[in-house]
1. Within the stretch 174-231, which residues are of a type in the set (Asp, Glu), within 30 Å of Val390 (Cβ to Cβ) and within 23 Å of the chain's Cα centre (by Cα)?
2. Looking at the stretch 55-63, can you tell me whether even one residue there is in a loop (DSSP other than H, G, I, E, B), small (Gly, Ala, Ser), surrounded by 11 or more Cβ atoms within 10 Å (Cβ to Cβ) and modelled with pLDDT under 85?
3. For the stretch 208-231, indicate whether the set of residues that are assigned to a strand (DSSP E or B) and surrounded by fewer than 16 Cβ atoms within 10 Å (Cβ to Cβ) is non-empty.
4. Would you check if there is a residue in the stretch 244-251 being loosely packed, with under 15 Cβ neighbours inside 10 Å, modelled with pLDDT under 95 and of a type in the set (Ser, Thr, Tyr)?
5. If we keep just the residues of the stretch 71-99 that are at pLDDT 85 or above and aliphatic (A, V, I, L, M), which is surrounded by the fewest Cβ atoms within 10 Å (Cβ to Cβ)?
6. Can you say whether Ala89 is touching a strand residue (DSSP E or B) at 6+ places or on another chain (Cβ under 9 Å) and either more than 26 Å from Gly3 (Cβ to Cβ) or of a type in the set (A, V, I, L, M, F, W, C) (or both), as far as the supplied structure shows?
7. When you scan the stretch 285-294, how many residues do you find that are surrounded by fewer than 17 Cβ atoms within 10 Å (Cβ to Cβ) and either of a type in the set (Lys, Arg) or touching a residue at least 12 places away in the same chain (Cβ under 8 Å) (or both)?
8. Do we have any residue at all in the stretch 244-254 that's within 18 Å of Asn330 (Cα to Cα) and part of a helix (DSSP H, G or I)?
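The values are calculated or read from the model by the stated rules, or taken from the named source; none is laboratory data. Just so it is clear, the structure is predicted and the values come from calculations on it, not from any experiment. Neighbour counts are summed over all protein chains in view; Cβ atoms, including those assigned to glycine, are modelled from backbone coordinates with ideal geometry.
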Amino acid sequence: MNGHVIKRSGFWRIVLEFGDQAALRCPVCRRRFWSEDGQAPACPEAHGAPEEVVARRQEMLPAKYTTKKAASTALHDDLRDRERGTWVAPVDLTLAEYLKERWLAALGAEELAPSTLIVYRLDVSRIVPLIGAVPLQKLTRNDVAVMGARLASDVSKRTKRPLAPATRRATLISLQHALDDAVKAGLLEANPAAGVKRPKVRRPEMHTWSGAELSTFLRATRGDRLGSLWHLLALTGLRRGEALGLHWSDVDFEHGRLALQRQRVMMGNEAAERQTKTGKPRSVSLDAATTAVLQRQSQQQLDDADEWKAAWVGDGHVFTRENGEPWVPNAITRYFDQVVRTVDVPHIRLHDCRHTWATLALRAGVHPKVVQERLGHANIAITMDTYSHVMPDMQESAAELVAALVDLSDDDEK
């Protein structure tokens, strides 16, 4: 293959030469259709059947250049890329058009969690105002880096504060994911977002209660409407959404077990239910005290239904408002924060109840594999990494336990 440049209507254009190729030609209008196009002649039927011919094939590329030198350079680059196999067909598509009309539309056809799609749409809404007007195939690494820097001055519509480093990092990751898909689709030769520096995100500092502090909190909140929820979270290590997604049909009182099959999560400003975080159901055993707490919760709900009568809207959820309506997850987090401040214990987040259970379990000698299964982590490496702060204590205990099994005393000392 070769080519040349030619001036047309005041602009320099590139003409590619493909040599002689098999084609179909209309016997009347003489229009040619190249066999590799895979298209039938778009001519009136009256023109008759197309003729098979061999003809010289040329193609004028759509790009226009103001100087012959620029056109010649572009021709050289085009031929080089085709020879290397890295050539990408030009498309008239901005980044915004690609993200909105192609990438998000394609994601909608995949089996992604609705909340995941919402996050991607939100990330796209941050990207488009900053670099959405840039043609997709002209997007550079510098464009992406500048966008990342500008995100630091963006303000969250929800919090009215500058975007957190974690949010900015997630937005850059979403853009890289989208451009990876563009490379796979043949729209880009390489991903301009690859290698762009992302904000560092510090893992939130983990705060946990001791066994005594947890006892103080649970005793103080035992009579509260949500006391049973706090107890379940603290004594099982469940995620907030897993507890709120429980139905009574998931509770086996006879054997003291929970079947975790779904979670109740926030999707934008609305609550919705979806599969568990790992996509797999799991079973969690209950201690006798926690089973009794759930039995009291069941009786409380029956009393509520009797009081509300026809206005009761319960649909089987374990934890509900007085009228049977399932709780909104964010409301539960706010209530916990308020309650903790009324009890004489260190302030922790609701999710730290999960960390508290895991920390107490590991220090009590529960095998990390069992802890992983209870927590629903995808693999044990996540558990070990998350709770690495407990490992030194466990190593000391292991050293003493093993040493105690080895008798090194002299016979006359026995």
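1. Scanning the stretch 174-231 gives a single hit, Glu205.
2. Step one: of the stretch 55-63, the residues in a loop (DSSP other than H, G, I, E, B) are 61-63.
Checking the rest, the ones that are also small (Gly, Ala, Ser) come to 63.
Now restrict to residues that are surrounded by 11 or more Cβ atoms within 10 Å (Cβ to Cβ): 63.
Pick out the ones that are also modelled with pLDDT under 85 and you get 63.
Checked the stretch 55-63: at least one residue is in a loop (DSSP other than H, G, I, E, B), small (Gly, Ala, Ser), surrounded by 11 or more Cβ atoms within 10 Å (Cβ to Cβ) and modelled with pLDDT under 85.
3. Filtering the stretch 208-231 for residues assigned to a strand (DSSP E or B) gives none.
Within the stretch 208-231 (the criterion being assigned to a strand (DSSP E or B) and surrounded by fewer than 16 Cβ atoms within 10 Å (Cβ to Cβ)), the answer is no, since none of the residues qualifies.
4. Quick first cut of the stretch 244-251, residues loosely packed, with under 15 Cβ neighbours inside 10 Å only: 248-249.
From what is left, the residues that are modelled with pLDDT under 95 are none.
Checking the stretch 244-251: not a single residue is loosely packed, with under 15 Cβ neighbours inside 10 Å, modelled with pLDDT under 95 and of a type in the set (Ser, Thr, Tyr).
5. Pass one, the stretch 71-99, residues at pLDDT 85 or above: 71-76, 93-99.
Going one step further and asking which of them are aliphatic (A, V, I, L, M), we end up with 71, 74-75, 93, 95-96, 99.
Values: Ala71: 23, Ala74: 17, Leu75: 21, Leu93: 15, Leu95: 29, Ala96: 17, Leu99: 25.
That would be Leu93.
6. Details: touching a strand residue (DSSP E or B) at 6+ places or on another chain (Cβ under 9 Å): no; either more than 26 Å from Gly3 (Cβ to Cβ) or of a type in the set (A, V, I, L, M, F, W, C) (or both): yes.
For Ala89, the condition - touching a strand residue (DSSP E or B) at 6+ places or on another chain (Cβ under 9 Å) and either more than 26 Å from Gly3 (Cβ to Cβ) or of a type in the set (A, V, I, L, M, F, W, C) (or both) - is not met.
7. Filtering the stretch 285-294 down to residues surrounded by fewer than 17 Cβ atoms within 10 Å (Cβ to Cβ) leaves 285, 287-289, 292.
Subsequent filtering for residues that are either of a type in the set (Lys, Arg) or touching a residue at least 12 places away in the same chain (Cβ under 8 Å) (or both) retains 285, 287-289.
Residues flagged as surrounded by fewer than 17 Cβ atoms within 10 Å (Cβ to Cβ) and either of a type in the set (Lys, Arg) or touching a residue at least 12 places away in the same chain (Cβ under 8 Å) (or both) within the stretch 285-294 amount to 4.
8. Yes; the residues of the stretch 244-254 include at least one that is within 18 Å of Asn330 (Cα to Cα) and part of a helix (DSSP H, G or I).
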